[in-house]
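Each remark here refers to the structure printed beneath this line.
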Amino acid sequence: MKKRKAVFLDRDGTIVVDAHFLSSPDQLKLLPNAAKGIRLFKENGYLVIVVTNQSGIARGFFDEGRLILIHKKLISMLKDEGAMIDDIYYCPHLTEGIIEQYKLDCDCRKPKPKMFLDAAKQHNIDLKQSLMIGNSEVDMLAGKNAGCKCVLIEGANQNDKHVFSTAGVAYIVKDLLDAARLFAV
Ligand SMILES: [Zn+2]
């Protein structure tokens, strides 16, 4: 079976407004053009996979059940705008966490590539043909570690923006639609 191309998306600051440790479905707010961008990627044959670090779980701010509710709401909000996502991968871990079961140096927390590798296996994805889109240095490093092409969103949404080397970043865009237009045929 022919391998598929995917676009991996960060969640906070890429699809939704980055509320600090978002812990309730009511806090979800789609960023402008996020749904349109996802729609255009789907129209161009990309699998759409969300990869998100959720250390709020290890920190004891919310539990996995709550995160699953948040993601159900996110999927339904996007669906209302005609935008389908294929899967969501999250990392609940943190070495300095306080919840014993999540307090570990895992292989999935971005910039490590395990979420990408798991998705590639489960969805038959060719990582070399795939993209990682996010708004942080960690996202860009994770995409690079997974062997994807990296696209940086430099939106108005970054409060704690710090300067980092954009070496290895293929494109810098203002939002997901801007990104999707670059790869639309
Ligand atoms: Zn992890």
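The values are calculated or read from the model by the stated rules, or taken from the named source; none is laboratory data. Since the structure is predicted, the reported quantities are computational estimates derived from the model, not experimental observations. Every residue, glycine as well, gets a Cβ built from its backbone with ideal geometry; the counts of neighbours run over all protein chains shown.
Right, ASP107: within 13 Å of the ligand (Cβ to nearest atom), in contact with a helix residue (DSSP H, G or I) (Cβ under 6 Å, 6 or more places away or on another chain) and among the acidic types (Asp, Glu) or not? Yes: the conditions hold for ASP107. As a summary of the residue check, VAL138 satisfies the conditions (1) under 19 Å from LEU22 (Cα atoms); (2) free of Cβ contacts under 8 Å to residues at least 12 places away in the same chain; (3) within 16 Å of the ligand (Cβ to nearest atom) except for the one numbered (2).
When we screen HIS71, HIS93 for residues that are more than 29 Å from LEU177 (Cβ to Cβ), buried (at least 18 other Cβ atoms within 10 Å of the Cβ) and either within 16 Å of the ligand (Cβ to nearest atom) or in contact (Cβ under 8 Å) with a residue 12 or more places away in the chain (or both), the only hit is HIS93.
For the stretch 110-135, which residues satisfy the criterion of being in contact (Cβ under 8 Å) with a residue 60 or more places away in the chain, of a type in the set (A, V, I, L, M) and within 16 Å of the ligand (Cβ to nearest atom)? If the condition is that a residue be in contact (Cβ under 8 Å) with a residue 60 or more places away in the chain, of a type in the set (A, V, I, L, M) and within 16 Å of the ligand (Cβ to nearest atom), then MET115, ALA119 are the ones that fit.
Just to be sure before I move on: is VAL51 modelled with pLDDT of 95 or more, under 25 Å from LEU177 (Cα atoms) and in contact with a Phe, Trp or Tyr (Cβ under 9 Å, 6 or more places away or on another chain) in the structure I sent? Spelling it out, VAL51 is indeed modelled with pLDDT of 95 or more, under 25 Å from LEU177 (Cα atoms) and in contact with a Phe, Trp or Tyr (Cβ under 9 Å, 6 or more places away or on another chain). Counting only residues that are within 14 Å of the chain's Cα centre (by Cα) and hydrophobic (A, V, I, L, M, F, W, C), the stretch 50-77 holds 4 of them. Given the criteria surrounded by 17 or more Cβ atoms within 10 Å (Cβ to Cβ) and either within 16 Å of the ligand (Cβ to nearest atom) or free of Cβ contacts under 8 Å to residues at least 40 places away in the same chain (or both), does ILE99 qualify? No, not satisfied. Of the residues making up the stretch 40-62, those that are buried (at least 19 other Cβ atoms within 10 Å of the Cβ) and outside any loop (DSSP other than H, G, I, E, B) are LEU40, PHE41, LEU47, VAL48, ILE49, VAL50, VAL51, THR52, ASN53.
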